[in-house]
Amino acid sequence: MPERARLTKTLFVAGVQCHRKLWWQVHEPTAVELQPDIVLQDLFDQGTHVGALARTRYAGGVLLDRGRSRDERVADTARALEAGATVLFEPAFEADGVHVAADVLRRDDQGWRLTEVKSSSSVKPEHVADAAIQAHVLSRNGLEPSTVEILHLNPGFTHPDGGDLFAATDVTAEVRARRTTVPGEVAAQLAVVAGPLPDVAPGLHCHEPRQCPFHDRCWPADANHIRHLYLVGPKKTVAYMQRGIHRIDDLPPDEKLPDAARRQRRALAGGTVVVERTLSHALAPFAVAPLGFLDFETIARAVPVWDGMSPWTMAAAQFSYHEVSADGLRHEEFLAEGPLDARPVIARRLVEATRNARAVVTYSAFEKTRIRDLQAVVPELAPDLRALEAKLVDLLPVIRNNVYHPGFRGSFSIKHVLEPLVPDLSYTDLVIVNGMVASVEIARLLFVADRIPAHERDRVRADLLAYCQRDTEAMLRLLHALRGLASGAS
Ligand code: SF4
């Protein structure tokens with residue numbers, strides 16, 4: 001078998017999810033679907049950072065060079081073991097056509113202890129498959145692990161020194177149970193990569209344990225596919241497909257559905273927007289002035305950066321605020337600068353910007369949660385922030401409970417409802433078009449600005465301001481469109 005067709009830990013885990021995915025990963029390693037976007041690359045980078053921090057826990061370890069070829073790394077590892085190394089970082093082994101590199105391998109009184117480092121805040125089922133293939137290859141090299149553990153981030157840790165950043169979970173028993181299936185799975189996967197593209201029907205495995213990047217190659221593009229029914233996640237989608245229901249119009253008339261999904265079915269059947277008579281009443285809380293529109297962008301880092309934050313805690317770092325009053329339209333915005341804690345400044349700017357509003361429109365409960373976070377972090381402004389919280393009015397449930405347009409495609413996210421209801425406004429002219437990208441870009445600006453050329457910093461900053469501003473602009477225009485629909489429905 002050629003070198004490129006051998007399995008690795010990553011390929012094995014891909015193959016456990018789906019043999020078709022494995023085949024594409026082996027035979028099309030440069031496929032566009034496999035190229036990490038900025039969000040995935042940031043996850044990789046954070047994982048590398050977490051791995052480096054984890055290594056500082058073990059004194060005297062020998063770090064094997066990941067930059068060398070697989071064969072060289074295996075040889076380097078053998079030499080380190082021969083030289084008596086008892087703590088190895090990234091040691092590489094091969095057996096049965098599988099190449100693995102362990103995060104940490106160390107010998108103690110009990111024998112060899114295998115540690116897999118993860119940047120998640122808990123152990124996940126897929127981590128066991130990951131550790132099991134390593135344990136199998138180690139065992140085949142005569143290094144049977146006595147203990148296998150996942151070293152993950154400790155959700156109870158608080159920056160800067162509130163406890164241990166890491167927590168270790170022993171998965172020896174789970175790995176032992178899983179290993180009984182490993183030799184058979186390895187043989188099956190090696191046969192798959194040596195053969196033609198296998199047929200695998202789409203199913204739950206396309207979404208679990210992670211969304212498959214080849215989703216669009218295997219699932220029909222049909223806008224009325226049952227997966228676009230409101231509130232059906234992967235499990236319900238597959239259950240419908242197993243009942244022979246592949247399209248929304250395949251649903252039996254008496255199928256029990258949430259109100260919004262029933263409205264969706266009516267809209268699709270009629271090919272037109274459905275508006276309930278209740279819309280006008282639902283819009284009453286928005287008929288005040290001054291009326292504000294608020295949107296936050298946040299950061300969430302694996303290794304927390306500001307006081308009191310835990311791994312992956314979200315923190316507000318940007319807002320956009322529009323306010324409509326008798327004086328016209330006013331816009332205010334804030335985007336953090338530099339690595340220092342931005343929350344006291346953002347809280348103060350927010351309180352000042354929204355002080356005169358009688359109601360403040362948000363889209364979902366996200367902003368309310370962030371304002372509550374700020375109350376805890378900036379206690380001196382807590383009364384003002386509570387007053388702001390009391391003024392919030394959420395536009396999302398107004399749409400979800402009263403309006404369905406066929407263009408929503410089963411989702412009430414602002415990106416999905418904007419174009420159908422406000423056709424002349426979209427996000428397509430922007431560079432940053434979703435909150436996850438915004439979050440990564442803000443973190444880059446705040447914490448690694450010195451690695452970004454000045455002209456790019458200015459460009460990213462402008463892109464972030466434009467994106468957040470578009471969100472509040474979108475809310476404003478949506479409210480206007482809804483008022484139009486309400487007047488037509490009444
Ligand atoms: S979309 Fe589903 S069937 Fe297709 S490769 Fe991915 S996991 Fe396999």
Residues being in contact with a strand residue (DSSP E or B) (Cβ under 6 Å, 6 or more places away or on another chain), part of a helix (DSSP H, G or I) and among the aliphatic types (A, V, I, L, M) - total across the stretch 159-185: 1
Name the residue, out of Asp108, Asp76, that is within 19 Å of Tyr58 (Cα to Cα) and in the same structural domain as Gly47 (by TED's automatic domain parsing). Asp108
In the stretch 176-230, which residues are closer than 27 Å to Arg263 by Cβ, among the hydrophobic types (A, V, I, L, M, F, W, C) and in contact (Cβ under 8 Å) with a residue 60 or more places away in the chain? Ala223, Leu229
When the residues of the stretch 1-25 are filtered to those that are more than 12 Å from the ligand (Cβ to nearest atom) and crowded, with 17+ Cβ neighbours inside 10 Å, which remaining residue is modelled with the lowest pLDDT? Arg6
Hey, does the stretch 32-43 have a residue that's touching a Lys or Arg at 6+ places or on another chain (Cβ under 8 Å), surrounded by fewer than 17 Cβ atoms within 10 Å (Cβ to Cβ) and assigned to a helix (DSSP H, G or I)? yes
For the stretch 26-38 the number of residues that are β-branched (Val, Ile, Thr) and within 16 Å of the ligand (Cβ to nearest atom) is 2
When you scan the stretch 271-284, do you find a residue that is within 32 Å of the chain's Cα centre (by Cα) and open to solvent by 40 Å² or more (accessible area, probe 1.4 Å), even just one? yes
For the stretch 337-349, enumerate the residues that are open to solvent by less than 10 Å² (accessible area, probe 1.4 Å) and free of Cβ contacts under 8 Å to residues at least 40 places away in the same chain. Ile346, Ala347
Residues (modelled with pLDDT of 95 or more, over 24 Å from the mean Cα position of the chain (by Cα) and not small (Gly, Ala, Ser)) located in the stretch 315-333: Tyr321, His322, Glu323, Val324, Leu329, Arg330, His331, Glu332, Glu333
Exactly one condition in (1) over 26 Å from His281 (Cβ atoms); (2) of a type outside the set (Phe, Trp, Tyr); (3) out of contact with any helix residue (DSSP H, G or I) (no Cβ under 9 Å at 6 or more places or on another chain); (4) crowded, with 22+ Cβ neighbours inside 10 Å is not met by Pro379; state its number. (4)
Could you check Arg266 against (1) more than 24 Å from Val403 (Cβ to Cβ); (2) basic (Lys, Arg); (3) in contact with a strand residue (DSSP E or B) (Cβ under 6 Å, 6 or more places away or on another chain) and say which number it fails? (1)
Just a yes or no: is a residue in the stretch 141-151 under 30 Å from Asp341 (Cα atoms) and under 29 Å from the mean Cα position of the chain (by Cα)? yes
Kindly list the number of the only condition in (1) buried (at least 19 other Cβ atoms within 10 Å of the Cβ); (2) more than 17 Å from Val238 (Cβ to Cβ) that fails for Arg217. (1)
Do we find a residue being within 14 Å of the ligand (Cβ to nearest atom), open to solvent by less than 40 Å² (accessible area, probe 1.4 Å), touching a Lys or Arg at 6+ places or on another chain (Cβ under 6 Å) and within 14 Å of Gln17 (Cα to Cα) anywhere in the stretch 187-197? no
Considering only the stretch 202-235, how many residues are within 14 Å of the ligand (Cβ to nearest atom) and either among the hydrophobic types (A, V, I, L, M, F, W, C) or part of a loop (DSSP other than H, G, I, E, B) (or both)? 16
If Gly61 satisfies every condition in (1) modelled with pLDDT under 95; (2) open to solvent by 40 Å² or more (accessible area, probe 1.4 Å) but one, which is the exception? (2)
Could you check, for the stretch 352-367, whether at least one of its residues is surrounded by fewer than 19 Cβ atoms within 10 Å (Cβ to Cβ), among the charged types (D, E, K, R) and farther than 26 Å from Gly328 by Cβ? no
Filter result (without any contact (Cβ under 8 Å) to a residue 40 or more places away in the chain, assigned to a helix (DSSP H, G or I) and open to solvent by 40 Å² or more (accessible area, probe 1.4 Å)) within the stretch 64-74: Asp71, Glu72, Val74
Please specify each residue of the stretch 225-246 satisfying the condition of being crowded, with 17+ Cβ neighbours inside 10 Å and within 16 Å of Phe408 (Cα to Cα). His225, Ile226, Arg227, His228, Leu229, Tyr230, Val232
Take the residues in the stretch 389-442 that are within 28 Å of Ala287 (Cβ to Cβ), surrounded by fewer than 16 Cβ atoms within 10 Å (Cβ to Cβ) and hydroxyl-bearing (Ser, Thr, Tyr), then tell me which one is nearest to the chain's Cα centre (by Cα). Ser413
Name the residues in the stretch 448-464 that are loosely packed, with under 13 Cβ neighbours inside 10 Å and basic (Lys, Arg), would you? Arg451
Please verify whether the stretch 292-309 includes one or more residues that are open to solvent by 50 Å² or more (accessible area, probe 1.4 Å) and in contact with a helix residue (DSSP H, G or I) (Cβ under 6 Å, 6 or more places away or on another chain). no
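The values are calculated or read from the model by the stated rules, or taken from the named source; none is laboratory data. Predicted, not measured: the structure shown is a model, and the values here were computed from it. Don't worry about glycine lacking a Cβ; one is built from the backbone with ideal geometry, like all the others, and counts go over all protein chains shown. The area values use the complete protein model at the heavy-atom level, side chains included, leaving out ligands, DNA and RNA. Shrake-Rupley method; radii C 1.70, N 1.55, O 1.52, S 1.80 Å.
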